[in-house]
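Participant: Structure provided below as structure tokens; questions to follow.
Every read-out reported here was derived from the displayed coordinates using simple, explicitly stated rules and does not represent laboratory data. Note that this is a predicted model, so its numbers are computed, not measured. Neighbour counts run over all protein chains shown; Cβ positions are idealised from the backbone, glycine included.
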Amino acid sequence: MRRRKTTMSFDPQAVRAFEHAGWQQAAAHYTKTFARATRGFIGDLLDAARVRAGTHVLDLACGPGEVAAAAAAARALPVGLDFSPAMIAVARAGHPGIRFEEGDAEALPFAGGLFDAVVANFGVHHVPEPIRALCEAHRVLRPGGRVAFTAWTAPAENIAWRILYDAISAHGDLAASDAPPPGGSLRQSEDLLRILSDAGFTDTEARRVWGEWRFPAAGDLLEGFRRGTVRTAALIDAQPDPALPQIEAAIARSVAAYRCADGFAVPITAILGSGVRG
């Protein structure tokens, strides 16, 4: 039976519980699935925050720790933080030389002025109240410190999401998920500039950055969304069982246009926001 999304008011605690449960489940699969999409933006993210040797940097919503690991490789001094114990366990196992802490992005367990940079790779838009998270980032930064974070552009501009949503629209139910409304829509440069300014940052910038989601098999795009995300995974899992084979087949047909020598390379687009603590 198809489930219809009911109208819900925004509830931060419901968003937090939904996201926490989802990331606890995704942690074991993320590195081999959706991280194929996110890791290509790490270099741009660290550059925007001016992370270099000796930089004390907080990797906010660190997930399995790939941003912190890249910062450490640049001889920076990273600390990773995530609210998911399962993600923290994956990060610690994969990068035993880096400090990872469990904690809330909206109430950071760090003293003020402790970091030179705060970065978040596709994490801020998962927080129930993104402005609160950026206010906390502002607090733990030293004067002149930089924040940088990425968010996905709207599905209409992002080929991987458009492929998925077109397949669901044609063969499933785009209204099937009963996920709670998110804390904020960060789909345009103006959205990132607004919350950066509201959190007190100056010299703000938001620009588009481009990458590729590379994977070996056509089915990996759907699998990546289903095993390595939360809100999109909830939409996929809510689809009627008879529709899933048709959705999978439609995705495979669309993905074929992006075949390359070692599988598939689907263009993806993000917005990179940054600012300075005055």
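Participant: Which percent, to the nearest 5, of DSSP beta bridges fully inside segment 12-277 are antiparallel?
Facilitator: Looking only at bridges with both residues in segment 12-277, the antiparallel portion is about 55 percent.
Participant: Okay, next question. Decide, for segment 149-192, between rounded, prolate and oblate: order the square roots of the alpha carbon gyration tensor eigenvalues as a ≥ b ≥ c, take rounded if a/c falls under 1.5, and otherwise choose prolate if a/b is larger than b/c, else oblate.
Facilitator: Taking the square roots of the gyration eigenvalues as a ≥ b ≥ c, segment 149-192 is oblate.
Participant: So for each of 145-155, 260-270, 213-223 I average, over its residues, the number of other beta carbons within 10 Å; can you give me the resulting order with the highest mean first?
Facilitator: With the highest mean Cβ count within 10 Å placed first, the list reads 145-155, 213-223, 260-270.
Participant: In segment 83-158, with Lys and Arg counted as +1 and Asp and Glu as -1 at Cβ, which of these residues, Gly144, Phe110, Val90, has the Cα nearest the positive end of the dipole, that is, farthest along it?
Facilitator: Working it through, the farthest residue towards the positive pole turns out to be Gly144.
Participant: Pairs of Cα atoms under 8 Å, at least six residues apart: use those to get the relative contact order of the chain, whole percent.
Facilitator: Here the relative contact order equals 25 percent.
Participant: Moving on. I need the peptides 171-177, 83-89 ranked by packing, meaning the mean over residues of other C-beta atoms within 10 angstrom, with the highest value on top.
Facilitator: For the peptides 171-177, 83-89, the packing ranking is 83-89, 171-177.
Participant: On to the next question. With θ set to phi - 60°, apply the Karplus curve 6.51 cos²θ - 1.76 cosθ + 1.60 along segment 239-244 and write out the HN-Hα couplings as whole Hz, x wherever there is a Gly or Pro.
Facilitator: Per-residue couplings from phi come out as 5, x, 3, x, 7, 4 Hz.
Participant: Same structure again: Rounded to whole Å, give me the distance from the Cα center of segment 193-232 to that of segment 6-41.
Facilitator: Cα centres, segment 193-232 to segment 6-41: 12 Å.
Participant: In terms of modelled amide H atoms, which long-range or inter-chain residues lie less than 5 Å from the amide H of Gly145?
Facilitator: Placed amide hydrogens put Arg277 under 5 Å from Gly145.
Participant: Please report, in whole Å³, the volume per residue of the convex hull around the C-alpha atoms of the chain.
Facilitator: It is 118 Å³ per residue.
Participant: Here's another thing I want to ask about it. Before rounding to the nearest 500, sum -39500 (n - 2.57) across all DSSP H runs of length at least 4 in the chain and divide by the residue total; then give [θ] at 222 nm in deg cm²/dmol.
Facilitator: Mean residue ellipticity, 222 nm, calculated: -11500 deg cm²/dmol.
Participant: Taking the Cα centre of the chain as the origin and placing charges on Cβ (Lys, Arg +1; Asp, Glu -1), which of Val124, Gly184, Ile159 is farthest toward the positive end of the dipole?
Facilitator: Ile159
Participant: Treating only the Cβ atoms of Lys and Arg (+1) and Asp and Glu (-1) as charged, compute the dipole magnitude of the chain about its Cα centre; round to the nearest 20 debye.
Facilitator: 320 debye
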